[in-house]
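Before any comments, here is the structure.
The values are calculated or read from the model by the stated rules, or taken from the named source; none is laboratory data. This one's a predicted model, so the numbers in the text were calculated from it and none came from an experiment. Quick reminder, even Gly has a Cβ in these numbers, built from the backbone with ideal geometry, and neighbours come from all protein chains shown. Just the protein is used for accessible areas: all its heavy atoms, side chains included, with ligands, DNA and RNA removed. Shrake-Rupley method; radii C 1.70, N 1.55, O 1.52, S 1.80 Å.
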Amino acid sequence: MSVTQIAPNEVKEFLISEARLLDERRWEEWLALFAKDGWYWVPIEEKQSNPKTTISLMYDDRKLLETRIRRLAAGSLHSQAPVSRTTRTVDNATIESESNEIITVRSKFFMIEYRRDKQRMFGGTYWHDLRRNSEGFIIVSKKVELVNCDSMMDGLNIPF
């Protein structure tokens, strides 16, 4: 499938739906968007190209992602008592490339997290590698480049 056959609005709708699942804490549905060998990564350094060359804010292969989601869904994270409330905006989605059935999408995001009378704001760039499936798209990988990735961070528990 070529990039020209993929409607940019279709990709943007997928990204908005993904953000909605996260904001509504529909963790299992969000996890179901990932491929069985999918991974999720939040680098700690600007322009970090490999999650295995240094530590990361988050780097979850499918198994670790399942563990994170299971703990969030069960409410067993002390750092999420009470749970965070979030709202995300996703925009400026562009299809950057397509090869071997993988569509690379770059978009900008803004997320507000509210918990224990404190509000935090995060922004940056999402990089999604997507593969089309019978229901739309499946996430092969998601990289979250935070604008302030190298600054001091209080605990990060919920996915961006």
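Based on this model, can you work out whether Ala32 counts as open to solvent by less than 90 Å² (accessible area, probe 1.4 Å), among the small types (Gly, Ala, Ser) and under 19 Å from Leu156 (Cβ atoms)?
On the way: open to solvent by less than 90 Å² (accessible area, probe 1.4 Å): yes; among the small types (Gly, Ala, Ser): yes; under 19 Å from Leu156 (Cβ atoms): no.
When the stated conditions are applied, Ala32 does not pass them.
With respect to Ser56, determine if the residue is open to solvent by 80 Å² or more (accessible area, probe 1.4 Å) and within 16 Å of Ser141 (Cβ to Cβ). If you could, list the steps in order and put the result at the bottom.
Values: open to solvent by 80 Å² or more (accessible area, probe 1.4 Å): no; within 16 Å of Ser141 (Cβ to Cβ): yes.
No; evaluated as a whole, the condition is false for this residue.
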Subset of the range 38-53 (residues that are at pLDDT below 95 and either among the basic types (Lys, Arg) or open to solvent by 70 Å² or more (accessible area, probe 1.4 Å) (or both)): Glu45, Glu46, Lys47, Ser49, Lys52, Thr53
Within the range 110-144, residues closer than 23 Å to Glu29 by Cα and of a type in the set (Asp, Glu) come out as Glu113, Asp129, Glu135
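Take Asp129 and tell me if it is at pLDDT below 95, under 20 Å from Tyr59 (Cβ atoms) and not β-branched (Val, Ile, Thr). Can you show your working first?
On the way: at pLDDT below 95: no; under 20 Å from Tyr59 (Cβ atoms): yes; not β-branched (Val, Ile, Thr): yes.
Answer is no for this residue.
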Residue that is farthest from Asn50 (Cα to Cα) [pool: residues in the range 124-160 that are of a type in the set (Gly, Ala, Ser) and surrounded by 15 or more Cβ atoms within 10 Å (Cβ to Cβ)]: Gly124
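Among the candidates Glu29, Glu46, Glu66, single out the residue that is under 24 Å from Thr125 (Cα atoms) and not in a helix (DSSP H, G or I). Spell out the reasoning first.
Values: Glu29 fails: not in a helix (DSSP H, G or I); Glu66 fails: not in a helix (DSSP H, G or I).
When all the criteria are applied, what remains is Glu46.
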Determine which single condition Ile16 fails, assuming it passes every other condition in (1) in contact (Cβ under 8 Å) with a residue 24 or more places away in the chain; (2) open to solvent by 80 Å² or more (accessible area, probe 1.4 Å); (3) of a type in the set (Val, Ile, Thr). (2)
Qualifying position, being part of a strand (DSSP E or B) and at pLDDT 95 or above, among Ala19, Ala35: Ala35
One residue is enough: does the range 89-105 have a residue meeting the conditions within 20 Å of Asp154 (Cβ to Cβ), open to solvent by 40 Å² or more (accessible area, probe 1.4 Å) and among the acidic types (Asp, Glu)? no
Of the residues in the range 146-160, those that are over 13 Å from Gly124 (Cβ atoms), hydrophobic (A, V, I, L, M, F, W, C) and either in contact with a Ser or Thr (Cβ under 6 Å, 6 or more places away or on another chain) or in a strand (DSSP E or B) (or both) come to Ile158
Could you tell me whether any residue of the range 64-76 is surrounded by 11 or more Cβ atoms within 10 Å (Cβ to Cβ), under 19 Å from Glu113 (Cα atoms), in contact (Cβ under 8 Å) with a residue 12 or more places away in the chain and not hydrophobic (A, V, I, L, M, F, W, C)? yes
